[in-house]
Amino acid sequence: MKRIAVLCAFVVTIGIGTPLSAMENIVESVAKGCEKELNDFCAKVTPGEGRILACLYAHEDKLSGHCEFALYDAAAQLERFIGALTYVANECDEDLDTHCAVVEAGEGRLAKCLLDNKSKLQQRCITAIEATNLQVE
């Protein structure tokens, strides 16, 4: 059964390289690429809940090419991340139900469960894990 919870749980547990640091790198890249805009237009915005991105969006007509590229690159990285997430969730759905049903989602627990049970997983799940470099911190 395809579950949205599986997708949400994997958001912080899958990616290229170390998952959370990969997400932190995306944020850092945007912060660096849009540093001038963030200081000029968004310095008084309270971070969180998308407010910084909303601020940049509100000033999109004033963004430098460097900032626009940083935002475009971040979006492309996130799209690849979501693609990998969807791939593993789809390919490992049965294995998650079989081997990890009692595991609470979040904080890498489902990824750890899959990796701990790798010898018992279906080949399609193993292929997805290896193709996306699934890791836990």
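No value in this document is a laboratory result; all are computed from the given coordinates. These numbers were taken from a predicted model, which means no experiment stands behind them. Glycine gets a Cβ as well: all are built from the backbone with ideal geometry, and neighbour counts include every protein chain shown.
Which lysines, if any, have their Cα less than 25 Å from the Cα of Lys32, not counting same-chain residues under 8 positions apart? Excluding near neighbours in sequence, the set is Lys44, Lys62.
A straight chain from Arg80 to His66 at 0.36 nm per residue would run longer than the Cα-Cα distance by 2.9 nm.
Summarising the label geometry, the points placed 7 Å from Cα in the beta-carbon direction at Val102 and Thr46 lie 4.2 nm from one another.
Quick one: net charge of Cys67's neighbours, Cβ under 11 Å, K/R +1, D/E -1? My count for the surroundings of Cys67 gives -3. Counting 0.36 nm for each residue step from Asn117 to Glu130 and taking away their Cα separation leaves a gain of 3.3 nm. Whole-Hz Karplus values for the stretch 100-115 come out as 10, 4, 8, 7, 6, 5, x, 6, x, 5, 5, 4, 4, 4, 4, 5 Hz, taken residue by residue from phi with 6.51 cos²θ - 1.76 cosθ + 1.60 and θ = phi - 60°; glycine and proline positions read x.
Each Lys or Arg adds one and each Asp or Glu takes one away; over the other residues whose Cβ falls under 12 Å from the Cβ of Tyr87, this sums to -1. What residues from the stretch 69-90 fall in the zone where the backbone N is under 18 Å from a label point 7 Å along the Cα-to-C-beta line of Ala31? Within reach of a label on Ala31, which here means backbone N under 18 Å from a point 7 Å along Cα→Cβ, the stretch 69-90 contributes 70-75, 78.
Between beta-carbons, use under 9 Å as the cut-off and find the net charge around His99, counting Lys and Arg +1, Asp and Glu -1.
Numbers: positive: Lys120; negative: Asp95, Asp97, Asp116.
Once positives and negatives cancel, what remains is -2.
Take the Cα radius of gyration of the stretch 4-132 and divide it by 2.2 N^0.38 Å, with N its residue count; two decimals is plenty. Don't skip to the end; give the middle numbers.
Working: Rg = 17.9 Å, N = 129, 2.2 N^0.38 = 13.9 Å.
That works out to 1.29 for the stretch 4-132.
Over the stretch 4-132, Cα pairs under 8 Å with separation of 6+ residues give a relative contact order of 36 percent.
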